[in-house]
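A.B. asks: Here you go, one structure.
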Amino acid sequence: MTASHLTSSPVYGLMAEFETPTDLVHAAKGAFEAGYRKMDTYTPYPLEEAAEAIGAHHNRVPLICLIGAILGMCGGYSLEYWVSVVNYPINVGGKPFHAWPAFIPVTFECAILGASLATVFGMLALNGLPQPYHPVFNSPNFVRASRDRFFLCIESQDPKFRLDDTRRFLQDFHPSEITEVPY
Amino acid sequence: MSFYDNPDALPPKGVRPPIIGPGQDLGTVTDRIGGVVLTRHTPVFWIIIFAIAAMLAGMLQTAIGYLLFKGVGIWGINIPVGWGFAIINFVWWIGIGHAGTLISAILLLFKQSWRTSINRFAEAMTIFAVMQAGLFPLIHTGRPWLAAYWLFPYPSSMGVWPQFRSPLIWDVFAVSTYFTVSFLFWGIGLIPDFATLRDSAKSLVVRRIYGMLAMGWRGSARHWNRYETAYMLLAGLATPLVLSVHSVVSLDFAVSVIPGWHTTFFPPYFVAGAIYSGFSMVLILAIPFRYLYGMQDFITLRHLQNCAKVMLATGLIVAYSYGMEVFFAWYSANKYEWGMMWNRMAGPYGHYYWMLILCNIVLPQSLWFNRVRSTPWLLFLVSLVVNTGMWLERYVIVVVSLQRDYVPSSWGMYWFTKWDVMTFVGTMGFFTLLFFLFIRFMPAISIFEIRSLLPQSKVKE
């Protein structure tokens, strides 16, 4: 038995094209049940069922958001404290230097700012974007993934991947086309 | 002509217009919305309006240039009215921005799927409106290069820092955060649509440009999953943010001791007014847009009606607030408060007050009628009236309270100058300029979100 997945394969994977989201989800579920794990679906709009079908319904974006919020909050408050109490204490109408209620609005805004920046850039980083090149774009009809077609790609890195077997397996779900995706 | 043939015909009684016109599918949605951007043909009306907007933006440049040369003496501000057009316009513009975030964030959390057709350009409207608003604090001293050290906390060579116990510095943080978060929200919403434009563009250059903007987006399920989470989180973050921004703006007034400003109910009153003016601005933009670009299938009467209903609701909150202002002034038994209110109604600026009541309370009551809510041109007129009224509201709040406060010997009058008007009208031009560039080069309706509303996009069991 050759371990084709261990050597560098000339194929990135097999791309099956579907006309409806229902067919795609059906195929993705089938592939997941058959033991394929290294695969992805490509859809023109978010399709929750597809993500669930390939076992991708958890992500770490909320955690990153929370960390950003905490950092922003602490950063905002410490800035105010340091400026108003330590570095530049200035008496305005006898108000206390450490006037914590007056510090809340800026602390709140900084928490939101930190959380939002962390969420967006965290999401992009987890997605590996910006990414100038990706093999799936070599698939001839893939431009329709951002329009009206639904794609399932089983990657050659998957331990269960065998070019012929996987092709036959995908055929059972009646895709409109199956193409090999070159690197 | 039946309602189903003409998207603008009055719907039969009991029938709600659809969110998307009939006969659209995944492909046609892409072509209709993307086509506005990808066509090589720029419509004549676009060129005309763009040219006018560019001229007005040039006027803004002139006004700012002369301001930097001469100083704020060219404006109508004086002692006692030290706050004039600059703050009025700042509050007006920032209020307009609020509807964008409300539509994109709050309505998303409430799963109001009709928001999808209008959220993209409402967000653009927010960003451009906040940019206009942000201009005024920057230029209002006439010496913006000196403004940095008291606006932003940076280690200046003078060792001077901003005063964090003042609402004015809260405002800097609130507005800059608001701008950043709105920009991020708008930006990540655009990524999948840029990918669509990249894939449908014919010319290589166009494909490259949108390709770079799309950052390699490929619609992967894992990506969508994180994307949707991030989008929801941003909506959750933007919701309290948008409420905080106009609250903080109102604190600029409420924390002071000026009669007519020193009230605890300013924050909710300002937020309601902001949403009121923002929705009217959405309609001012949406009604010509859907007509000029033939987008009646995506921005249907349903959207216009719903915006009108939000306007009516927030308008009633605003009306209640005006009533409460009068009541508080009387109930406080404070002669300065009551004197201010009397001056507001019957003083030298009384006609502004009654115009404001007419524009913001009386005329918008026409929105109770379905016929008005379903007739785009009438709705457009009401929206113009409301936005005028909201500007007058800020004028009345700012000028009348400052004009006569505690000591009659320090009373005065405020007359705006042509430079004030040029700056204000100029920002409208600059806003329109940015908005028209946006319509021409970016999908003004969110393509991927519209797709997910189509019946065929649902997974059948």
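The values are calculated or read from the model by the stated rules, or taken from the named source; none is laboratory data. Computed from a predicted structure; not experimentally measured. Positions of Cβ are backbone-derived with ideal geometry, glycine not excepted, and every protein chain shown enters the neighbour counts.
A.B. asks: Can you tell me which residue in the stretch B:131-174 is nearest to the chain's Cα centre (by Cα), limited to those that are within 14 Å of chain A (Cβ to nearest Cβ), of a type in the set (A, V, I, L, M) and assigned to a helix (DSSP H, G or I)?
C.D. replies: Filtering first and then ranking leaves B:Ala174.
A.B. asks: Quick check on my filter: what residues within the stretch A:37-62 are of a type in the set (A, V, I, L, M), more than 7 Å from chain B (Cβ to nearest Cβ) and part of a helix (DSSP H, G or I)?
C.D. replies: Answer for the stretch A:37-62, where residues must be of a type in the set (A, V, I, L, M), more than 7 Å from chain B (Cβ to nearest Cβ) and part of a helix (DSSP H, G or I): just A:Ala53.
A.B. asks: Related question: Here's a check for you: in the stretch A:90-103, which residue that is facing chain B (nearest Cβ under 9 Å) and among the small types (Gly, Ala, Ser) is nearest to the chain's Cα centre (by Cα)?
C.D. replies: Checking each candidate, the answer is A:Ala102.
A.B. asks: Across the stretch B:193-207, which residue is nearest to A:Asn127 (Cα to Cα) among those that are in contact (Cβ under 8 Å) with a residue 24 or more places away in the chain and assigned to a loop (DSSP other than H, G, I, E, B)?
C.D. replies: Looking at residues that are in contact (Cβ under 8 Å) with a residue 24 or more places away in the chain and assigned to a loop (DSSP other than H, G, I, E, B), I get B:Ala201.
A.B. asks: I would also like to ask the following. For A:Asn87, all conditions in the list (1) closer than 30 Å to A:His58 by Cβ; (2) over 33 Å from the mean Cα position of the chain (by Cα); (3) among the polar types (S, T, N, Q) hold save one; what is the number of the exception?
C.D. replies: Going through (1) closer than 30 Å to A:His58 by Cβ; (2) over 33 Å from the mean Cα position of the chain (by Cα); (3) among the polar types (S, T, N, Q) one by one, A:Asn87 breaks only (1).
A.B. asks: Here is a follow-up. Quick check on this structure: which one of A:Ser146, A:Ser84, A:Ser78 is more than 26 Å from B:Ile447 (Cα to Cα) and within 9 Å of chain B (Cβ to nearest Cβ)?
C.D. replies: Answer to the selection: A:Ser84.
A.B. asks: When you go through B:Val282, B:Val242, B:Val271 one by one, which is the residue that is within 14 Å of another protein chain (Cβ to nearest Cβ), part of a helix (DSSP H, G or I), under 19 Å from the mean Cα position of the chain (by Cα) and touching a residue at least 40 places away in the same chain (Cβ under 8 Å)?
C.D. replies: Residue meeting the stated conditions: B:Val242.
A.B. asks: If only one of B:Leu190, B:Leu184 is under 30 Å from A:Phe150 (Cα atoms), part of a helix (DSSP H, G or I), modelled with pLDDT of 90 or more and more than 7 Å from chain A (Cβ to nearest Cβ), which one is it?
C.D. replies: Testing whether each residue is under 30 Å from A:Phe150 (Cα atoms), part of a helix (DSSP H, G or I), modelled with pLDDT of 90 or more and more than 7 Å from chain A (Cβ to nearest Cβ) leaves just B:Leu190.
A.B. asks: Could you tell me which of the residues A:Val120, A:Val106 is surrounded by 15 or more Cβ atoms within 10 Å (Cβ to Cβ), over 20 Å from the mean Cα position of the chain (by Cα) and under 24 Å from B:Ala235 (Cβ atoms)?
C.D. replies: A:Val106
A.B. asks: Scan the stretch B:406-413 and give yes if some residue there is surrounded by 21 or more Cβ atoms within 10 Å (Cβ to Cβ) and either part of a loop (DSSP other than H, G, I, E, B) or at negative phi (or both), otherwise no.
C.D. replies: No, because not a single residue in the stretch B:406-413 is surrounded by 21 or more Cβ atoms within 10 Å (Cβ to Cβ) and either part of a loop (DSSP other than H, G, I, E, B) or at negative phi (or both).
A.B. asks: Here is a list of conditions, (1) crowded, with 21+ Cβ neighbours inside 10 Å; (2) under 17 Å from the mean Cα position of the chain (by Cα), and A:Gly72 meets all of them except one; can you say which number that is?
C.D. replies: Against the list (1) crowded, with 21+ Cβ neighbours inside 10 Å; (2) under 17 Å from the mean Cα position of the chain (by Cα), A:Gly72 comes up short only on (2).
A.B. asks: Have a look at B:Phe121, B:Phe128 and point out the one that is at pLDDT 85 or above, within 18 Å of B:Gln61 (Cβ to Cβ) and assigned to a helix (DSSP H, G or I).
C.D. replies: Sole residue among the options that is at pLDDT 85 or above, within 18 Å of B:Gln61 (Cβ to Cβ) and assigned to a helix (DSSP H, G or I): B:Phe128.
A.B. asks: Considering each residue of the stretch B:124-156, count those that are closer than 18 Å to B:Leu434 by Cβ and hydrophobic (A, V, I, L, M, F, W, C), and give that number.
C.D. replies: 12
A.B. asks: Looking at A:Val92, A:Val136, which is the one that is of a type in the set (Val, Ile, Thr) and more than 23 Å from A:Ala53 (Cα to Cα)?
C.D. replies: A:Val92
A.B. asks: Please determine whether any residue of the stretch B:208-230 is touching a residue at least 40 places away in the same chain (Cβ under 8 Å) and either more than 7 Å from chain A (Cβ to nearest Cβ) or not in a helix (DSSP H, G or I) (or both).
C.D. replies: No, there is no match, as no residue in the stretch B:208-230 is touching a residue at least 40 places away in the same chain (Cβ under 8 Å) and either more than 7 Å from chain A (Cβ to nearest Cβ) or not in a helix (DSSP H, G or I) (or both).
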